[in-house]
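Taking it in order: structure first as structure tokens, then the write-up.
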Amino acid sequence: GESVGLHLPTLSVQEGDNSIINCAYSNSASDYFIWYKQESGKGPQFIIDIRSNMDKRQGQRVTVLLNKTVKHLSLQIAATQPGDSAVYFCAERAPAGYSTLTFGKGTMLLVSP
Amino acid sequence: DAGVIQSPRHEVTEMGQEVTLRCKPISGHDYLFWYRQTMMRGLELLIYFNNNVPIDDSGMPEDRFSAKMPNASFSTLKIQPSEPRDSAVYFCASRRQGTEAFFGQGTRLTVV
């Protein structure tokens, strides 16, 4: 999920496939991470979160993996559906800035029927 | 709950005009955030409030931007005078202590 200037990284998958969206975060002191989904014309919507004392957390059809050694976060979506098409953002919160989140640039997921 | 409510949804204004964006947070949420989203810079935090008090405004780009929260149910972000480079989608978000942030639908601002 690295930014490439004006163009968002894009992941194209077929309906029913599993999707993996990656994110490299910047602050090794960050202790809380969130994935948001943003559909066209809407605000970001919470999907799942994970604290730094965990390396995996599962939700409904989604799993977040955290690798603190390499400062990497991933979001796995099982059995991807056309309704999953959106831009996905990871966000991190550093303890010093307890109340605020720093967002990544986002990855666009396109799901073909 | 209706969620975070922002108005207007779209605003087109001429350069030099004053623009006021409005936000009603979710009832009971004591944190309120203003973000700006552009393709070039992504989501940037402009300012946030806790219990109606501005805590960190280091993200406000310049003095043309100001934000207020006169009470727990209302906040404004004002740009005066507006410039074309202010064109972006502005989001308001709110949360309670220990929960994730809930975002409004955003205001798409175009300054011509």
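Please specify each residue of region B:92-112 satisfying the condition of being within 10 Å of B:Ile26 (Cα to Cα) and not aliphatic (A, V, I, L, M). Passing the criteria: B:Ser94, B:Arg95, B:Arg96, B:Phe102, B:Phe103, B:Gly104. Looking across region B:3-20 at every residue that is within 14 Å of another protein chain (Cβ to nearest Cβ) and more than 13 Å from the chain's Cα centre (by Cα), the one that is farthest from A:Gly43 (Cα to Cα) is identified as B:His10. Selection of region B:3-18 for residues being among the charged types (D, E, K, R) and assigned to a strand (DSSP E or B) yields only B:Glu11.
Going through A:Thr80, A:Thr107 one at a time, which residue ends up being in contact (Cβ under 8 Å) with a residue 12 or more places away in the chain and within 10 Å of the chain's Cα centre (by Cα)? It would help to see each step written out before you state the result.
On the way: A:Thr80 fails: within 10 Å of the chain's Cα centre (by Cα).
Exactly one of A:Thr80, A:Thr107 is in contact (Cβ under 8 Å) with a residue 12 or more places away in the chain and within 10 Å of the chain's Cα centre (by Cα), namely A:Thr107.
Each row is one residue, and each column tells you yes or no for (1) over 30 Å from B:Arg108 (Cα atoms); (2) polar (S, T, N, Q).
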{"position": "A:Pro9", "(1), (2)": "no, no"}
{"position": "A:Ile34", "(1), (2)": "no, no"}
{"position": "A:Gly41", "(1), (2)": "no, no"}
{"position": "A:Phe46", "(1), (2)": "no, no"}
{"position": "A:Ile50", "(1), (2)": "yes, no"}
{"position": "A:Asn67", "(1), (2)": "yes, yes"}
{"position": "A:Ala78", "(1), (2)": "yes, no"}
{"position": "A:Val87", "(1), (2)": "no, no"}
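Every test in (1) within 30 Å of B:Ala2 (Cβ to Cβ); (2) part of a strand (DSSP E or B); (3) more than 13 Å from every other protein chain (Cβ to nearest Cβ); (4) of a type outside the set (Val, Ile, Thr) is passed by A:Leu65 save one, and that test is (1). Suppose the filter is under 23 Å from B:Thr110 (Cα atoms), modelled with pLDDT under 95, among the aliphatic types (A, V, I, L, M) and not in a loop (DSSP other than H, G, I, E, B); does B:Leu43 pass it? Yes.
For A:Thr100, the criteria (1) part of a loop (DSSP other than H, G, I, E, B); (2) away from chain B (no Cβ under 14 Å); (3) not acidic (Asp, Glu) hold in every case but one, which is (2). On the stretch given as region A:51-75, residues that are surrounded by 14 or more Cβ atoms within 10 Å (Cβ to Cβ) and farther than 24 Å from A:Asp17 by Cα total 3. Is there a residue in region A:48-58 that is in contact (Cβ under 8 Å) with a residue 40 or more places away in the chain and under 26 Å from B:Ile47 (Cα atoms)? Scanning region A:48-58 turns up no residue that is in contact (Cβ under 8 Å) with a residue 40 or more places away in the chain and under 26 Å from B:Ile47 (Cα atoms).
Tell me, yes or no, whether region A:49-63 has at least one residue that is small (Gly, Ala, Ser) and touching a His at 6+ places or on another chain (Cβ under 9 Å). Checking region A:49-63: not a single residue is small (Gly, Ala, Ser) and touching a His at 6+ places or on another chain (Cβ under 9 Å).
Okay, residues lined up against (1) closer than 23 Å to A:Lys42 by Cα; (2) assigned to a loop (DSSP other than H, G, I, E, B); (3) modelled with pLDDT of 95 or more:
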{"residue": "B:Asp1", "(1), (2), (3)": "yes, yes, no"}
{"residue": "B:Arg22", "(1), (2), (3)": "yes, no, yes"}
{"residue": "B:Ser27", "(1), (2), (3)": "yes, yes, yes"}
{"residue": "B:Ile47", "(1), (2), (3)": "yes, no, yes"}
{"residue": "B:Gly59", "(1), (2), (3)": "yes, yes, no"}
{"residue": "B:Ser66", "(1), (2), (3)": "no, no, yes"}
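The set of residues in region A:83-104 that are touching a residue at least 12 places away in the same chain (Cβ under 8 Å), of a type in the set (Gly, Ala, Ser) and surrounded by 15 or more Cβ atoms within 10 Å (Cβ to Cβ) comprises A:Ser85, A:Ala86, A:Ala91, A:Ala94, A:Gly104.
Quick one: would you say B:Leu77 is touching a Leu at 6+ places or on another chain (Cβ under 8 Å), buried (at least 18 other Cβ atoms within 10 Å of the Cβ) and of a type in the set (A, V, I, L, M)? Yes, satisfied.
Only residues that are part of a loop (DSSP other than H, G, I, E, B), at pLDDT 95 or above and away from chain B (no Cβ under 11 Å) were counted across region A:16-52, and they come to 3. Looking across region B:21-36, the residues that are surrounded by 22 or more Cβ atoms within 10 Å (Cβ to Cβ) and facing another protein chain (nearest Cβ under 10 Å) come down to B:Phe33, B:Tyr35.
The values are calculated or read from the model by the stated rules, or taken from the named source; none is laboratory data. These figures come from a predicted structure and were not determined experimentally. With ideal geometry, Cβ positions are generated from the backbone for all residues, glycine too; neighbour counts draw on all protein chains shown.
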